[in-house]
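To keep things clear, I will list the structure first and then write my remarks on it.
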Amino acid sequence: MWQGGRVTLLALWAMPRTVSTAFGRMMIERGDHLVIDEPWSRAYYFGPERRSDRYPLTFPESTYANVRAGVLAAGRSTPVFVKDMAYHAAPGLTSDDLSAMTHTFLIRDPRAALSSLHARWPDWYANAAASTGFAPPTSPAVAAELPERVRALVPVAERELEPLRRHALD
């Protein structure tokens, strides 16, 4: 909960259909964190700086700056768990914002995530770059940059990465 005299701000970055909502529900049931579910989606879908035209409504107060300020302010007074899609948040996060958080990334087997996404959202490929974070192979997704940005800010010992690499190759 407390890290070095400050309250924890724990971020779970995910992609669609990776069971991140179930993970968020588990954090709610724990009862030891304020859980904020997909706050950056407000800016991504509804704000004046929107990245997607999936929804026709605009809410002028739903800026990346307002969302970021709200999340960071909550983390100063209580332990916060924020779950969001990496591609929703990445455009609105600075290096200082990223440094203020502890990061986790939820990765589901792409076969399961993509088949679930296709079953729930049949036109996902047509809207991939703008709406899901799964960009067509010819253009890199914004979300792919977030783990690298975090890695650059938070050095991880090579010995801590090796078990993850071995597991990924299994």
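The values are calculated or read from the model by the stated rules, or taken from the named source; none is laboratory data. It should be emphasised that the depicted structure is a prediction, and the values quoted were computed from it without experimental measurement. Here the Cβ is made from the backbone with ideal geometry for all residues, glycine too, and neighbour counts use every protein chain on show.
Tabulated data for the structure shown
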item	result
Top-ranked residue of the range 107-133 - restricted to ones that are in a loop (DSSP other than H, G, I, E, B) and surrounded by 17 or more Cβ atoms within 10 Å (Cβ to Cβ), ranked as modelled with the lowest pLDDT	G133
The range 64-78, residues that are farther than 20 Å from L106 by Cα and either surrounded by fewer than 17 Cβ atoms within 10 Å (Cβ to Cβ) or touching a Pro at 6+ places or on another chain (Cβ under 6 Å) (or both)	A65, V67, A69, G70, L72, A73, R76, S77, T78
Pick from the range 53-89, criterion under 27 Å from D32 (Cα atoms) and of a type in the set (K, R), ranking: modelled with the lowest pLDDT	R76
